[in-house]
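I have placed the structure first, in the form of structure tokens, so that the comments after it can refer back to it.
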Amino acid sequence: MNSLIGASVLSLVLSYLVQVYSGLRERNALALTIDLMTDGTGHAAFMLASLMPGGDPSDLKSALGNLVGSLAATKEAHHFYPLLFYFRFEEPRYAVSRFSFVLLDTVTLIEAALDQRRYGNLATCAAVAAIRRGARMLLETLDAHFPTADDRTDAVIETVLLEASYLKAAQILENAGIAVRPDGHETYVDRRQEWEPLVRRVAPILGYALSEIDRYA
């Protein structure tokens, strides 16, 4: 009986660790994929520019759709194996808060910055909605189950910073040949204020500064 119980416990522990490292590898692969799409900058605007070369949106939906499955798998991995949260890598590109920020900022720019007459249907496509919901669900899972920080930022200063971020992103998109709305900053600020507090609560617990997560900061 002792041998049977010992062998069972050992098998369960080894199986759990194998699943944890498998989930960690998939998470890192997703994070690196997103970082490569930004050309290593961590800027959502660069990611969007790379997915819309010369302003052509034909590849954008499929590229975002390919990320949805990996994002869903990463979210469920953190749900089933909470230990994953505590694996921290020195490079910020592997941080959950970093790649979640890039994804959420990308869909926010699609919804707020892109010219509606030319790209109006992109904001309502299934891939954009899935990326937004998946990234938020991942951050909400971490925020609900781990000792994340409190968000105590000043709303007035935040609005100024977010508007500055929008202007930088819009300039990058325009330089890439992407038509941008002249009045998108208000929508951008409103949408980003909905999800950025989640990022601010999750990022510090593993020792990442906001400047390492938000590359516009």
*Ranking S58, S22 by Cβ neighbours within 10 Å, fewest first, what do you get?*
S58, S22
*Please find the FRET efficiency linking T33 to L4, where r is the Cβ-Cβ separation and R0 is fixed at 45 Å, and quote it to the nearest 0.05.*
0.55
*Amide H neighbours of L114 under 5 Å, at least 5 residues apart or on other chains, H built in the peptide plane: list them.*
R181
*Starting from the eigenvalues of the Cα gyration tensor, five times each then square-rooted, give me the equivalent ellipsoid semi-axes of the chain, largest first, whole Å.*
35, 19, 14
_Cα-centred dipole magnitude for the chain, charges only on beta-carbon of K, R (+1) and D, E (-1), debye, nearest 20_ = 520 debye
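Using the Cβ atoms and a cut-off under 14 Å, what net charge is assigned to the surroundings of G120, where Lys and Arg are +1 and Asp and Glu are -1?
Numbers: positive: K61, R117, R118, R181; negative: E111, D115.
Around G120, the surrounding residues sum to +2.
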_Whether the stretch 69-128 is rounded, prolate or oblate, judged on the alpha carbon gyration tensor where a/c under 1.5 counts as rounded_ = oblate
*Give the span of the stretch 33-113's Cα atoms along each principal axis, as three whole-Å numbers ordered largest to smallest.*
42, 24, 20
*asked:* Quick test of the membrane-span-like rule: which DSSP H helices of the chain reach at least 20 Å along their long axis (C-alpha atoms) with mean Kyte hydropathy at least 0.5?
replied: 2-37, 96-112, 155-175
_Between the stretch 166-200 and the stretch 57-123, how far is it from one alpha carbon centroid to the other, in angstrom?_
16 Å
*asked:* Suppose R0 equals 22 Å. What FRET efficiency, 1/(1 + (r/R0)^6) with r the Cβ-Cβ distance, do H145 and S22 give to the nearest 0.05?
replied: 0.60
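Computed from the coordinates by the stated procedures, all read-outs in this text should not be read as laboratory data. These figures come from a predicted structure and were not determined experimentally. Neighbour counts run over all protein chains shown; Cβ positions are idealised from the backbone, glycine included.
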